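Data block below; observations after.
The values are calculated or read from the model by the stated rules, or taken from the named source; none is laboratory data. Source: prediction; values computed, not measured. Here Cβ is always computed from backbone atoms with ideal geometry, including for glycine, and neighbour counts include all displayed protein chains.
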Amino acid sequence: MIEAMGGPQEAGEVVLLMDSAYEGDATRELAQALGFVPVVPPNPQRKQPWSLDKPRYRRRNEVEQLFRRLKAWRRVFTRYDKTDVMCAAFIAEALRLR
């Protein structure tokens, strides 16, 4: 999807909302090298923690709720629809009916 948008460089600032399990230096550096802005809370025991963009990190919950709603539509995850178009249409319908 990011490639279809022209990559992070052409799309402007692309934020990568990450769970605290992925707060390691290597993961954050990889995200930055790929052109993303990683938003992940630092471990409280870090000697040099970074600042957390709390409003953006709170939006991570919206993404989790989105997947919870899609999981309620068992048809989407079991791919009863054989074509990509029909599967995409059901995802759009599930999101519309939230």
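Key figures for this structure:
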{"item": "Complete set of residues in the range 79-98 that are loosely packed, with under 11 Cβ neighbours inside 10 Å and modelled with pLDDT of 70 or more", "result": "82, 83, 84, 85, 92, 96"}
{"item": "Residue match in the range 27-41 (condition: without any contact (Cβ under 8 Å) to a residue 24 or more places away in the chain and over 24 Å from residue 13 (Cα atoms))", "result": "no"}
